[in-house]
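> Sharing a structure, written as structure tokens. Questions coming.
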There are 2 protein chains.
Amino acid sequence: MNKGQLIDQVAAELGDSKASASRAVEAVIHSITNGIKEDSNVTIVGFGTFTKKNRAARTGRNPSTGEPMQIRASTTVGFKPSASLKETL
Amino acid sequence: MNKGQLIDQVAAELGDSKASASRAVEAVIHSITNGIKEDSNVTIVGFGTFTKKNRAARTGRNPSTGEPMQIRASTTVGFKPSASLKETL
DNA sequence: GATCGATCAACTGCCCCTTGTTCATGTTGG
DNA sequence: CCAACATGAACAAGGGGCAGTTGATCGATC
């Protein structure tokens with residue numbers, strides 16, 4: 001499923017236009033993004049929890065050359081699916 | 001951020017009521033859930049990709065007793081954040 | 001009030017992340 | 001609708017981080 005298909009399904013579920021569904025999808029994704037950014041986590045009961053994670057610098061490997069290289073400290077996003085999401089699948 | 005706060009922010013972004021925002025959030029989450037279920041992945045460009053993952057049975061540990069135990073095969077959901085989501089944080 | 005989520009313990013298989021390249025796919029504004 | 005552009009997926013080797021287990025408790029949410 002891509003964004004266009006997601007918008008289609010949201011429009012069907014809301015019984016609304018695709019333009020309106022598109023705005024809804026944008027607003028939801030943008031709000032989740034801001035929640036992760038500002039609060040470090042977003043919990044959606046029954047779906048899962050997004051968590052901002054800081055990863056320390058570490059030594060990795062350049063797969064092209066095989067040489068060890070330093071991977072800089074970074075920030076990423078984890079997602080823990082809720083039990084009921086997993087049961088839905 | 002919890003779901004109520006998410007709905008608040010979506011309502012602000014859409015300039016709409018909380019009830020309407022709540023329906024939008026529900027529709028988006030439900031549509032993502034269905035996309036994961038039916039297509040095994042949902043890609044939202046600029047946010048990330050949800051992927052249905054099948055995990056084989058394996059041996060784990062009961063942390064209560066220390067005894068080895070068999071973890072059944074299961075289905076879970078992975079999330080790979082997009083590069084631009086990570087840059088946003 | 002019932003349900004869900006977070007936390008914790010020990011252990012181990014799976015996953016993340018690096019560079020560079022290529023190709024495919026997706027998005028969006030005209 | 002479509003073209004231009006952007007984004008994502010895949011792959012290589014290796015090591016650190018994470019998922020998942022049970023059971024209990026507590027807090028939050030619906």
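> Placing a label point 7 Å from Cα toward Cβ, how far apart in nm is A:Ser17 from its equivalents in the other copies, listed shortest first to one decimal?
2.0
> Residues of the range B:1-20 with accessible area at least 30 Å² lower in the all-protein-chain context than alone (1.4 Å probe)?
Residues shielded by partner chains are B:Met1, B:Lys3, B:Leu6, B:Gln9, B:Val10, B:Glu13, B:Leu14.
> Something else: For the range A:63-79 and the range A:1-39, compute the distance between their C-alpha centroids and round to whole Å.
Centre-to-centre distance over Cα atoms comes out at 31 Å.
> Copy-to-copy spacing for A:Arg55, label 7 Å out on the Cα-to-C-beta vector, in nm, shortest first?
When each copy's label point is compared with this one, the spacings are 1.8 nm.
> Sort the following peptides by mean Cβ neighbour count (other Cβ atoms within 10 Å, averaged over residues), highest first: B:7-13, A:27-33.
Peptide ranking by packing, descending: A:27-33, B:7-13.
> Still on this structure, please answer the following. Principal axis lengths of the range B:40-89 from Cα atoms, whole Å, largest first?
43, 25, 11
> Could I ask something else about it? Name the aspartates and glutamates eligible as straight-distance cross-link partners of B:Lys52: C-alpha to C-alpha under 15 Å, and not fewer than 8 places from it in the same chain.
By straight Cα distance, B:Lys52 reaches A:Glu87, B:Glu38, B:Asp39.
> Using only Cα atoms and rounding to the nearest 10 degrees, what angle (0 to 90) does helix B:3-14 make with the longest principal axis of chain B?
Between the helix axis and the principal axis of chain B, the angle is about 30 degrees.
> Rounded to the nearest angstrom and ordered from largest down, what semi-axes does the equivalent ellipsoid of chain A get from its C-alpha gyration tensor (root of 5λ)?
34, 17, 14
> Can you tell me the accessible area per residue over chain A, all protein chains present, probe 1.4 angstrom, in square angstrom?
56
> Something else about it: With a 1.4 Å probe and all protein chains left in place, how much of the accessible area of the range B:30-80 comes from carbon and sulfur atoms, in whole percent?
Result for the range B:30-80: 47 percent of the exposed heavy-atom area is carbon or sulfur.
> With angles folded into 0 to 90 degrees, how steeply does helix A:18-39 sit against the dominant principal axis of chain A? Use alpha carbons for both and round to 10.
Around 40 degrees separate the two axes.
> With solvent modelled as a 1.4 Å probe, how much accessible area in total do chains A and B shield from it at their shared surface, in Å² to the nearest 100?
3600
> Next up: Counting helices only, and only those DSSP H runs with n ≥ 4, report the 222 nm mean residue ellipticity of chain A as the sum of -39,500 (n - 2.57) divided by its residues, in deg cm²/dmol to the nearest 500.
Helix-only estimate at 222 nm: -14500 deg cm²/dmol.
> Between the label point of B:Asn34 and that of the same position in each other copy, find the distances and list them shortest first in nm, with every label point placed 7 Å from Cα along the Cα-to-C-beta direction.
2.8
> Sticking with this structure for a sec: Debye sum, Cα scatterers, the protein assembly as shown, no solvent: what log₁₀ I/I(0) at q = 0.08, 0.14 1/Å?
The computed values of log10 I(q)/I(0) come out as -0.31, -0.83.
The values are calculated or read from the model by the stated rules, or taken from the named source; none is laboratory data. Please read all numbers here as calculations on a predicted model, not as lab measurements. Backbone-built Cβ (ideal geometry, glycine too); neighbour counts: all protein chains shown. These area figures cover heavy atoms from the full protein model, side chains too; ligands, DNA and RNA do not enter into them. Shrake-Rupley method; radii C 1.70, N 1.55, O 1.52, S 1.80 Å.
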